[in-house]
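Data first, discussion second: the structure below is written as structure tokens.
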């Protein structure tokens, strides 16, 4: 298609021509919609920020802000460019972090949920060390999302919908949910062998799953199974999946457990599935990190090991 002679030619700037200080002032002012707040962030005066913005507008030949007596408003063109510019500065920040890390850095900082760490990761970690004895895995067990711009974290494993803007995201494992209990509950005075037996057992609730709308609760599961229980049904509630599983192992009742987190205990016979019904969920486990960090040797090798372990995990029929 021929160029439109009525439109001005687009001048593509070379890297050596990029006015980085002015762009930094624009990104801060656009984010805050305030020259004063941008100035505070950049440790300069509001007048200096205003001057940088005027310089950038003159340099690009476009207007970036509409200034009113009450507000600072981004023009449409400026709004369209803001996300790409923000991502560009994030990448520069990540690159500087990589440059600052020691060349022989062998400490991998990993953020995972407490239950995933206890029930899936730690039982397998020795296999990683067998081939990577020089790497130290530093685990931060938390349910809080990692702010990679503020925390010294290399990689996170998160259970969710996979929406983590501005980061490298790769699905590690899907998930499904089913009832589990101690083997003793299958052979007790009132054994649990069919869904209809659920009326006389304690139901163990994992309240940490309530934020996942695709994850079934006991009322949902019982209704789907056609089981009615009385209002006096005994129940235990926990805010961590690992605690709910441990209560089931101890014979305190029947828990609705995620396959991934119950797998090790099922393999070792501490838990059994009294019924074969299972429920797939929409949430999954994801490996999450800044784009630049995924290329670090310690991160890429650990992610490769996680992929292999996840594949073996789901290849086993529970």
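The values are calculated or read from the model by the stated rules, or taken from the named source; none is laboratory data. Not measured: the values here are computed from a predicted model. All Cβ positions, even for glycine, are placed from backbone atoms using ideal geometry, and neighbour counts span all protein chains on display.
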Legend entry - Residue count for region 217-239, restricted to those that are touching a strand residue (DSSP E or B) at 6+ places or on another chain (Cβ under 8 Å) and closer than 21 Å to residue 120 by Cα: 1
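Could you tell me how many of the residues in region 120-130 are touching a residue at least 60 places away in the same chain (Cβ under 8 Å) and either in contact with a helix residue (DSSP H, G or I) (Cβ under 7 Å, 6 or more places away or on another chain) or loosely packed, with under 13 Cβ neighbours inside 10 Å (or both)?
So the answer is 4.
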Inset, instruction - Would you be able to say whether some residue in region 254-264 is farther than 26 Å from residue 316 by Cα, in contact with a helix residue (DSSP H, G or I) (Cβ under 8 Å, 6 or more places away or on another chain), not in a strand (DSSP E or B) and not assigned by TED's automatic domain parsing to the domain that holds residue 82? - result: no
Legend entry - Sole exception among (1) touching a helix residue (DSSP H, G or I) at 6+ places or on another chain (Cβ under 8 Å); (2) surrounded by 13 or more Cβ atoms within 10 Å (Cβ to Cβ); (3) farther than 23 Å from residue 142 by Cα; (4) without any contact (Cβ under 8 Å) to a residue 60 or more places away in the chain for residue 238, by number: (3)
Legend entry - Residue count, region 57-81 (criterion: in a helix (DSSP H, G or I) and closer than 22 Å to residue 14 by Cβ): 8
Inset, instruction - Go through (1) in a helix (DSSP H, G or I); (2) closer than 21 Å to residue 261 by Cβ one by one and return the number of the condition residue 199 breaks. - result: (2)
Inset, instruction - Test residue 86 against the stated conditions and say whether it is out of contact with any strand residue (DSSP E or B) (no Cβ under 8 Å at 6 or more places or on another chain), closer than 21 Å to residue 166 by Cβ and not assigned by TED's automatic domain parsing to the domain that holds residue 166. - result: yes
Inset, instruction - Working only within region 152-182, note down all residues that are out of contact with any helix residue (DSSP H, G or I) (no Cβ under 8 Å at 6 or more places or on another chain) and surrounded by 14 or more Cβ atoms within 10 Å (Cβ to Cβ). - result: 153, 156, 158, 160, 162, 164, 167, 169
Inset, instruction - Look through 190, 142 and report the one residue that is modelled with pLDDT of 85 or more, within 28 Å of residue 236 (Cα to Cα), surrounded by fewer than 19 Cβ atoms within 10 Å (Cβ to Cβ) and over 10 Å from the mean Cα position of the chain (by Cα). - result: 142
Inset, instruction - Answer yes if at least one residue in region 111-125 is part of a strand (DSSP E or B), touching a strand residue (DSSP E or B) at 6+ places or on another chain (Cβ under 8 Å) and under 20 Å from residue 290 (Cα atoms), and no otherwise. - result: yes
